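The values are calculated or read from the model by the stated rules, or taken from the named source; none is laboratory data. Source: prediction; values computed, not measured. As a convention, Cβ positions derive from the backbone with ideal geometry for all residues, glycine included, and neighbour counts pool all protein chains shown. For the accessible areas, the whole protein counts, side chains as well, though only heavy atoms, and no ligand, DNA or RNA atoms are used. Shrake-Rupley method; radii C 1.70, N 1.55, O 1.52, S 1.80 Å.
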Amino acid sequence: QVQLVESGGGLVQAGGSLRLSCAGSGRTFSRYVMGWFRQTPGKEREFVAAISSSGGIRSYADSVKGRLTISRDNAKNTMYLQMNTLKPEDTAVYYCAADSAVVPSTRPSAYDCWGQGTQVTVSS
């Protein structure tokens, strides 16, 4: 298991930007597929983006393509989500997750470890 801690959430106006970070601990961070998910009250956890263990393959939800960018720095045991041109519908608690599988998944159930979440609020 990998211990994960998100940071970087906050309040921003529509059209603004935020950068989320997910810091991992342990020796095996570089072996994990990593993903970002988000959730609002009363809704299921929603896939946002995922990245392969090496960082070479990235996947995005259609709703965030062109606005959000996932990346990772394995030397720092950290994953990032750069969020630009934010919209009110991006408001949610954002979670980072680690998956021991080889192929990145869009399903929350595929991920083994989760962070505590960080709140992103976009005002209009």
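Within region 94-103, identify whether any single residue is surrounded by fewer than 18 Cβ atoms within 10 Å (Cβ to Cβ), without any contact (Cβ under 8 Å) to a residue 60 or more places away in the chain and more than 13 Å from the chain's Cα centre (by Cα), and answer yes or no. Spell out how you get there, then give the answer.
Step one: list which residues in region 94-103 are surrounded by fewer than 18 Cβ atoms within 10 Å (Cβ to Cβ), which gives 100-103.
Those left that are additionally without any contact (Cβ under 8 Å) to a residue 60 or more places away in the chain: none.
No: zero hits.
Between a first residue in region 8-35 that is at pLDDT 95 or above and a second residue that is of a type in the set (K, R), which pairs have beta carbons less than 9 Å apart while being 6 or more apart in sequence or on different chains?
Within 9 Å, the pairs are G8/R19; A14/K87; G15/K87; C22/R72; A23/K76; M34/R72.
Answer with yes or no whether G56 is open to solvent by 40 Å² or more (accessible area, probe 1.4 Å) and free of Cβ contacts under 8 Å to residues at least 40 places away in the same chain. Walk me through it before giving the result.
Details: open to solvent by 40 Å² or more (accessible area, probe 1.4 Å): yes; free of Cβ contacts under 8 Å to residues at least 40 places away in the same chain: yes.
Here the answer is yes, as G56 does meet what is asked.
Need a quick list: strands (runs of 3 or more DSSP E) entirely within region 1-63 having at least 1 residues that are of a type in the set (A, V, I, L, M). Walk me through how you get there before you give the answer.
Details: elements: 4-7, 10-13, 18-24, 33-39, 46-51, 58-60.
Output list reads 4-7, 10-13, 18-24, 33-39, 46-51.
Give the number of residues within region 11-59 that are touching a Lys or Arg at 6+ places or on another chain (Cβ under 6 Å) and among the aromatic types (F, W, Y).
Going through region 11-59 one residue at a time, the tally reaches 1.
If I ask for residues that are of a type in the set (D, E) and either within 14 Å of G8 (Cβ to Cβ) or touching a residue at least 24 places away in the same chain (Cβ under 8 Å) (or both), which ones from region 59-93 would you list?
Filtering region 59-93 down to residues of a type in the set (D, E) leaves 62, 73, 89-90.
Within region 59-93, E89, D90 qualify.
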